1. Out of the strands (runs of 3 or more DSSP E) lying entirely within the range 132-217, which hold 3 or more residues that are in contact with a Gly (Cβ under 6 Å, 6 or more places away or on another chain), open to solvent by 50 Å² or more (accessible area, probe 1.4 Å) and at pLDDT 85 or above?
2. Inspect the range 36-51 for any residue being at pLDDT 80 or above and surrounded by 16 or more Cβ atoms within 10 Å (Cβ to Cβ) and give the result as yes or no.
Amino acid sequence: MSLDITAWLAELTPRHAFRFCILVLLPFIFGFWVLPHITYANGQVLAAPSQNQSGASQSVTYTFTQSNSTSPVPQSVNAIFPLADYLDFPPFVSHSDPLICFQDQGSYVILPDGSNMTPNFDWDVLFGNSTQLDVPANSVKCARAVPGQANSYIWHAKLDINLGDQNLTSNLTFVPKTTTYPRFVMDYGLLQGLVMIPVCYLFIWYPAAGIWKKIHKGMGEQ
């Protein structure tokens, strides 16, 4: 027995089309277009590397390097939609614009008397032997990365201590507070649109229909 699609379509009424728009199309469009569905997904923070320090009059130069041979992996979409691990792939969820981000979280200097100070400095980050980033204190700068490619970067900070004629550089301790992590743009619009269909039915249309039936029944009894 073959299905006659033409006959089935002919039996559809404007009422059926209205129900389809209300129950399916409208929630999908609301989730896919209206609600926010693009966010940054940060990967695992890379471990802090070893450092080298050299002192000079009224200044300290601090450098360290690190190589990351593993591919940055963004956080899963289940951070937004629990139990959605099996849908974290296109077209439901897409990842684009892979970046490597370098962040200073408040590096400081420990003086000989044990007190702390925050000097004026900028980080110069050489990423991939080709891209140089200027990362001011307490800021974040990102550079485009290639997924699956080994990444290497060098941090360099020149600190102007400004301690006058006191030669205290040999007793200064520079404490770096930096993090490096991968970042992706995650678009989950299609998944959100599909999720909104049952959500709207269970929490909006179904309760509204029940309330309307009770009101209609009450008016009929009167």
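The values are calculated or read from the model by the stated rules, or taken from the named source; none is laboratory data. The structure presented is a predicted model; accordingly, all values stated were derived computationally and were not measured. Cβ sites come from the backbone with ideal geometry, for glycine too, and all protein chains shown count toward neighbours. When the accessible area is computed, the model is the full protein with side chains, heavy atoms only, and any ligands, DNA or RNA have been set aside. Shrake-Rupley method; radii C 1.70, N 1.55, O 1.52, S 1.80 Å.
1. Numbers: elements: 140-144, 151-160, 173-175, 178-187.
Those strands (runs of 3 or more DSSP E) do not exist here; none qualify.
2. Applying the first criterion (at pLDDT 80 or above) to the range 36-51 yields 36-38.
Narrowing the set further to residues that are surrounded by 16 or more Cβ atoms within 10 Å (Cβ to Cβ) leaves 37.
There is at least one residue in the range 36-51 that is at pLDDT 80 or above and surrounded by 16 or more Cβ atoms within 10 Å (Cβ to Cβ).
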